[in-house]
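A.B. asks: Can you keep this structure in mind? I'll have questions shortly.
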Amino acid sequence: MDNILHPVWREIPGERVILKCPEEGDGGMVYEAVVETLDDLRRWPASLPWAVHEPSVEASEVFCRLSQAQMMERTGLVYLILDAETRALVGSIGVNRIDWRIPRFEIGFWCRSSCQGRGYLTEALRVLIGFLLDRYGARRIECFTDLENRRARALCERAGMIHEATIRNDRITPDGQLRHTVIYSIVSK
């Protein structure tokens, strides 16, 4: 099947969260969440290189529009995580790399500082994993994180992912420090 023929869902509901495709005009709320969380995001420059740059409403709006374009092209499936009750922005989760032949999906995520520790990101990751397995017949779902990012590693484990490998000296920070990458995955039979 041609990749463009795969259906996409602009919203995926959970119990406490809604995963929603970014839309034109969402840049302002994304910018606010990024600014609030910038210190946390910048702790992982090898994993989140975009966070090194100074945020702006314009850059956040570009992110939203590019995410929409990637969804339409089926090259990425990026979602904003919204609180299901208030529709406030909690963070972002998405599939950054897709191989439709397998199908294989690589997930990345972040959560705004004021929403951390409340289970939102755990639910969002579980919802997205279930969606990829059920709707696309995923055979492999993976997350890559820095070895030192204990919170991201614990999140992957809570979502049922298995620690598959640690790749040493796999990434480099802007100041030249080598970092180790941990791979978590779920595979279907």
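A.B. asks: Once each part is reduced to its C-alpha centroid, what is the distance from the stretch 98-123 to the stretch 132-189 in angstrom?
C.D. replies: Centre-to-centre (Cα) distance: 11 Å.
A.B. asks: In percent, how large is the relative contact order of the chain, given Cα pairs closer than 8 Å and 6 or more residues apart? Don't skip to the end; give the middle numbers.
C.D. replies: Numbers: 345 pairs, mean separation 37.5, N = 189.
Value for the chain: 20 percent.
A.B. asks: Where in the chain are the DSSP H helices whose C-alpha atoms run 20 Å or more along the long axis and whose mean Kyte hydropathy is at least -0.5?
C.D. replies: Details: long enough: 57-73 (24 Å, 0.08); 120-136 (23 Å, 0.74).
Once both thresholds are applied, what remains is 57-73, 120-136.
A.B. asks: Still on this structure, please answer the following. How much length, in nm to one decimal, is gained on full extension between R74 and I162, taken as 0.36 nm per residue of separation minus their Cα-Cα distance? Walk me through the numbers before you get to the answer.
C.D. replies: Values: separation 88, 0.36 × 88 = 31.68 nm, distance 2.64 nm.
Contour length minus the Cα-Cα distance gives 29.0 nm.
A.B. asks: In the stretch 73-113, whose amide N lies under 16 Å from the spot 7 Å out along Cα-to-Cβ of N3? List them in ranges.
C.D. replies: 73-78, 95-107
A.B. asks: Among 163-169, 129-135, what's the highest-first ranking by average C-beta atoms within 10 angstrom per residue?
C.D. replies: Values: 163-169: 11.1, 129-135: 16.7.
Descending packing order for the listed peptides: 129-135, 163-169.
A.B. asks: Still on this model: From the phi angles alone, apply the Karplus equation (6.51, -1.76, 1.60; θ = phi - 60°) to the stretch 174-179 and give each ³J(HN,Hα) in whole Hz, x where the residue is Gly or Pro.
C.D. replies: Per-residue couplings from phi come out as x, 8, x, 7, 7, 10 Hz.
A.B. asks: Same structure, new question: At 1.306 mPa s and 10 °C, plugging the Kirkwood radius over alpha-carbon pairs of the chain into Stokes-Einstein gives what diffusion coefficient in µm²/s?
C.D. replies: Numbers: Rh = 16.9 Å.
Rounded, D is 94 µm²/s.
A.B. asks: Given the rule -39500 (n - 2.57) for each run of at least 4 DSSP H residues, summed and divided by the residues of the chain, what is its mean residue ellipticity at 222 nm, to the nearest 500 deg cm²/dmol?
C.D. replies: Numbers: 4 runs with 58 residues, N = 189.
Taking each H run of at least 4 residues, the total per residue is -10000 deg cm²/dmol.
A.B. asks: Output wanted: per-residue J couplings in Hz (rounded whole) for the stretch 163-172, from phi through Karplus 6.51 cos²θ - 1.76 cosθ + 1.60, θ = phi - 60°, x for Gly and Pro.
C.D. replies: Per-residue couplings from phi come out as 5, 9, 6, 10, 9, 7, 6, 8, 10, 10 Hz.
A.B. asks: Using θ = phi - 60° and the Karplus curve 6.51 cos²θ - 1.76 cosθ + 1.60, what whole-Hz ³J(HN,Hα) does each residue of the stretch 94-110 get, with Gly and Pro shown as x?
C.D. replies: Rounded to whole hertz, the list is x, 9, 8, 10, 10, 10, 5, 5, 7, x, 10, 9, 9, 9, x, 7, 7.
Throughout, read-outs are computed from the coordinates displayed, never taken from laboratory work. Everything numeric in this text was worked out from a predicted model, so none of it was measured. No Cβ is skipped: glycine too gets one built from the backbone with ideal geometry, and neighbour counts run over all protein chains shown.
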